[in-house]
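The values are calculated or read from the model by the stated rules, or taken from the named source; none is laboratory data. Remember, it's a predicted structure, so these values are computed and weren't measured experimentally. Here the Cβ is made from the backbone with ideal geometry for all residues, glycine too, and neighbour counts use every protein chain on show. Just the protein is used for accessible areas: all its heavy atoms, side chains included, with ligands, DNA and RNA removed. Shrake-Rupley method; radii C 1.70, N 1.55, O 1.52, S 1.80 Å.
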Amino acid sequence: EDAAFVRHLMLETLTAQLAVSSWPDAMRGPLLETQYQVRRQGFRSIPRAVGRIVVSAGQPIGWYVVADLDQEIRLVNLMVLASHRGQGVGAGIVRALIADSDQSRKPVRLKVDVRNTDALRLYERLGFQRIGGDEVQHWMEHPPGGRDA
């Protein structure tokens, strides 16, 4: 049941990220399936990565993957159903990770697609700073004890 929800959520998110909703299904389907498989495999290859389903009113509404590594807490992925975005779900998850960071004295680090302006605004509002990256992704960090909005 969780796997079916995660698949649905990832395909919904990928459709929006890749702007392929208007593509013919014969093109869109294989592209989304390939992206889904590649990303799922990528999440599984990260040491100590744990996926968690976010539930509200008994219904799954989001999913995130976090890895508590020796030198950092890495937010590997965070997705919320489109119908629940903008309601503080993502901010609540990130704030909990920041609290863990403060206790463990390890920074929270993440990568975010440069085109994902909503996520970038959220992370910046919560005190993350860009520490690297390229034209595709920004590496961002929130140090332990750092600013939180």
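Where does helix 25-44 land angle-wise versus the long Cα axis of the chain, in degrees 0 to 90, nearest 10?
The helix 25-44 is inclined about 30 degrees to the chain.
May I ask you to give the percent of accessible area on the chain that is carbon plus sulfur, with a probe radius of 1.4 Å?
Carbon and sulfur atoms account for 50 percent of the accessible area of the chain.
Hey, how many Å between the Cα centroid of the range 105-143 and the Cα centroid of the range 49-89?
If we compute the Cα centre of each part, the gap is 16 Å.
How big, on average over all directions, is the shadow cast by the Cα convex hull of the range 20-83, in nm²?
Its average projected convex-hull area is 5.8 nm².
Near Trp63, within a Cβ-to-Cβ distance under 12 Å, what is the net charge of the other residues, with Lys and Arg +1 and Asp and Glu -1? Please report the intermediate quantities before stating the final value.
Working: positive: Arg7, Arg39, Arg40, Arg52; negative: Asp2, Glu12.
Residues close to Trp63 contribute a combined charge of +2.
With a probe of 1.4 Å, find how much accessible area the chain has per residue, and write the answer as a whole number in Å².
For the chain, the solvent-accessible area averages 57 Å² per residue.
Using all C-alpha to C-alpha distances in the range 17-149, build P(r) with 5 Å bins and read off the rounded percent in each one.
2, 9, 17, 21, 22, 16, 8, 3, 1, 0
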